[in-house]
1. Any aspartates and glutamates with Cα under 20 Å of the Lys134 Cα? List them, leaving off those in the same chain fewer than 8 positions away.
2. Pull up the DSSP beta bridges for the chain and report the antiparallel fraction as a percent, rounded to 5.
3. Here are some pairs, Lys97/Lys166; Lys97/Lys181; Lys148/Lys201; Lys111/Lys201; Lys55/Lys166; Lys55/Lys148; which of them have Cα atoms lying more than 25 Å apart in this structure?
4. Select from segment 57-158 those trypsin sites (Lys or Arg not before Pro) which occupy a DSSP coil region and have at most 12 other Cβ atoms within 10 Å, ordered by residue number.
5. Grab every C-alpha pair in segment 71-229, bin the distances at 5 angstrom width from 0 up to the longest one, and report whole percents.
6. For segment 41-58, in order, what is each residue's ³J(HN,Hα) by Karplus, 6.51 cos²θ - 1.76 cosθ + 1.60 with θ = phi - 60°, in whole Hz (x at glycine and Pro)?
7. Let me have the 222 nm mean residue ellipticity of the chain computed from DSSP H runs of 4+ only, each contributing -39500 (n - 2.57), with the sum over all residues rounded to the nearest 500.
8. Please list 3J(HN,Hα) in residue order for segment 7-22, calculated via the Karplus relation 6.51 cos²θ - 1.76 cosθ + 1.60 where θ = phi - 60°; whole Hz, with x for glycine and proline.
Amino acid sequence: MAQHSYNQFCPIAKACEVLEPRWTLLIMCEMWSGSCRFNEIRRGVPGMSPTLLSKRLRGMEELGLISREENGHNGNIDYRITDIGQELSPIVYALGKWAHRNVDADVTLEKLDAKLLMWNVRRRVDVTKFTPTKKVIQFIFPELDKNKQNYWLISKPGCSVDLCTKDPGFDVDLYVNADLKALTSVWLGLSDLDSQLGAKKIVLIGDDKLASSIDQWMVRSSFADKHRS
């Protein structure tokens, strides 16, 4: 894949040529979080069109950052980060820690996305804090358009947590009625849950045990416990 060149021999310039195409690092972050199928990756980078995602994946494969593996039995395609790509993980994580410490919280919370937030909340739910039965937790964002207000997290024993954007038809164990900015701020560690509950920005209705343990099963962003300057 042809890349923009700085026409410099500097290693930093060469690194930028590989990593600068828009979305590249976010795709890798989504893959580091466990996504390996096209549709999974796309859910983690919802601002990308399928065409652009396909283009970026091809380019990243050509650069040796990822590999493409086709299952000969069912034709499914998995994308895997290569050893070269894995070397970037601590560097990108350090960049994220720097941003979490130094980028103003108001700037961070300017662009809110309920679907992306819930996709990230889903993958970090600690199901070991649940009793071994099916759990259905409905998140409601009243300020959004009606067709974008509701999300359901469904946990079944022995399965990964599912995220639904359409009513799955199950009885709901816990309703989380939340201001989108407040819940995003809590998940990022920019504010604490108790203060948002006290301000009624987040309201919990339903199973008392699920409600009282939300701070345990709703695991925050990996940056949430990092000190901000």
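1. Qualifying aspartates and glutamates at Cα under 20 Å: Asp126, Asp162, Asp167, Asp171, Asp173, Asp207, Asp208, Asp215.
2. Close to 85 percent.
3. In this structure, Lys97/Lys166; Lys55/Lys166; Lys55/Lys148 lie more than 25 Å apart at Cα.
4. Taking segment 57-158 and a limit of 12 other Cβ atoms within 10 Å, the loop trypsin sites (Lys or Arg not before Pro) found are Lys111.
5. 1, 8, 15, 19, 18, 14, 12, 8, 4, 1, 0
6. Whole-Hz 3J(HN,Hα) from phi for segment 41-58: 4, 4, 5, x, 10, x, x, 8, 7, x, 5, 5, 4, 4, 4, 5, 4, 4.
7. On the way: 12 runs with 94 residues, N = 229.
Result for the chain, helices only: -11000 deg cm²/dmol.
8. 6, 10, 8, 4, x, 5, 4, 5, 5, 5, 4, 7, 9, 6, x, 3
Each value in this text was obtained by applying a stated rule to the coordinates, not by laboratory testing. Since this is a predicted model, take the numbers as computed values, not measurements. Every residue, glycine as well, gets a Cβ built from its backbone with ideal geometry; the counts of neighbours run over all protein chains shown.
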